[in-house]
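The values are calculated or read from the model by the stated rules, or taken from the named source; none is laboratory data. These numbers come from a predicted model, not from an experiment. Heads up, the Cβs are rebuilt from the backbone with ideal geometry, glycines too, and the neighbour counts pull from every protein chain shown.
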Amino acid sequence: MVTTCNYEARKFGVHSAMPGFMARERCPQLVFLPVRFDLYRAESQKIRAILQSYTPLIEPLSLDEAYIDVSASERFAWGIAKEIRASIRAETGLTASAGVAPNKMLAKIASDWRKPDGQFAVLPDQVVAFMHDLSVRKIWGVGPKSAEGFAAQGIHTCGDLQRFTVGELIRRHGRWGEELHRLCRGIDERAVEPNRVRKSLSNESTFPDNLTDLPACRRALEPLIEEMLAEVAAKASNRIIRKAFVKIKYADFTRTTREYLCAHPDPDIFQQLLAEAHARRDLPVRLLGTGVRFVDEHLAPETQPDLFFG
């Protein structure tokens, strides 16, 4: 599986989450490099330290993306973004792109505008014009299938979507319709949340050769279990675990998940979940994953979600 790819590879139609065999079909000269998460985490921590020198209001999205709120600064956000990008290059040798805007959705969209190694701003008085011609695919929550559905209705841009009243959107899309009504107008009231509570912790591995039987899957799951339990001890030792789960992706790219209510998962529990999930389909396995879900400390115990099987 392609975890990410450079811009040269993208010219051939290669993109993240694409199966490796498909990427090679599109670009036979493609070079695959080994995944080095320890290195990525180390560089990510350096970048986080740079961001923290400007503001404590940082909301990470992944190892290489984050929202930051600099509205309390007396300086212009454009200059801060430019300085941060220069610091990242000087300290890590990496390029960075930035989006400057009045809210999170617009900043995320703007950050993609001048990639790689650039920045783009959407000022408050530019929002209306910017949103009018923007593809609906850029709206948070609109994926390929949703975009196809909109296109079938003649809706291609946010301007097209703005023609519908909030009531019409709710009738068509349920509760999401109200949010669509705001987002297609560039309205996003979500705050940057530096202390967002982690709901789960997981890992996974895609194998170069499919695993053909349960014993092979059991052996492959062992290091994932060990890594998962170590991650829980290092990053979430103060959290209460509610569920353990195992994920399988088969050779035909279908997937299944088996979950179990437990506060103290151990290797035997994960292996049992694997056996039960594996029995659902008689197919080779291309990916395995393990994980835990934490108790939501803001909900009373009786309101916690019940056990389910995916």
Problem set entry | Test: residue in the stretch 139-160 that is in a helix (DSSP H, G or I), closer than 27 Å to Arg196 by Cα and in contact (Cβ under 8 Å) with a residue 24 or more places away in the chain | no
For this session: Quick one: which residue in Ile109, Ile139 is β-branched (Val, Ile, Thr) and more than 22 Å from Cys5 (Cα to Cα)?
Result: Ile139
For this session: Take Ala236 and decide whether it is free of Cβ contacts under 8 Å to residues at least 12 places away in the same chain, farther than 21 Å from Glu276 by Cβ and under 23 Å from the mean Cα position of the chain (by Cα).
Result: no
For this session: Tell me which of these Arg293 doesn't satisfy, since it passes every other one: (1) closer than 23 Å to Thr206 by Cβ; (2) touching a helix residue (DSSP H, G or I) at 6+ places or on another chain (Cβ under 9 Å); (3) in a strand (DSSP E or B).
Result: (2)
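Listed here are the residues, each with its yes/no results for (1) outside the structural domain of Val295 (by TED's automatic domain parsing); (2) of a type outside the set (Lys, Arg); (3) farther than 30 Å from Pro284 by Cβ.
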position: Ala152; (1), (2), (3): yes, yes, yes
position: Gly159; (1), (2), (3): yes, yes, yes
position: Val166; (1), (2), (3): yes, yes, yes
position: Trp176; (1), (2), (3): yes, yes, yes
position: Glu179; (1), (2), (3): yes, yes, yes
position: Ala220; (1), (2), (3): no, yes, no
position: Thr254; (1), (2), (3): no, yes, no
position: Arg258; (1), (2), (3): no, no, no
Problem set entry | Selection count where residues are touching a residue at least 12 places away in the same chain (Cβ under 8 Å) and either outside the structural domain of Phe164 (by TED's automatic domain parsing) or surrounded by fewer than 20 Cβ atoms within 10 Å (Cβ to Cβ) (or both), scope the stretch 124-133 | 6
Exercise. Restricting the search to the stretch 175-220, which residues are under 30 Å from Phe253 (Cβ atoms) and touching an Asp or Glu at 6+ places or on another chain (Cβ under 8 Å)?
Worked result: Lys199, Leu201, Asn203
Problem set entry | Matching option when the condition is at positive phi and at pLDDT below 95, among Phe253, Phe309 | Phe253
Exercise. Which strands (runs of 3 or more DSSP E) sit wholly inside the stretch 1-117 and have at least 2 residues that are crowded, with 17+ Cβ neighbours inside 10 Å, touching a residue at least 40 places away in the same chain (Cβ under 8 Å) and charged (D, E, K, R)?
Worked result: none
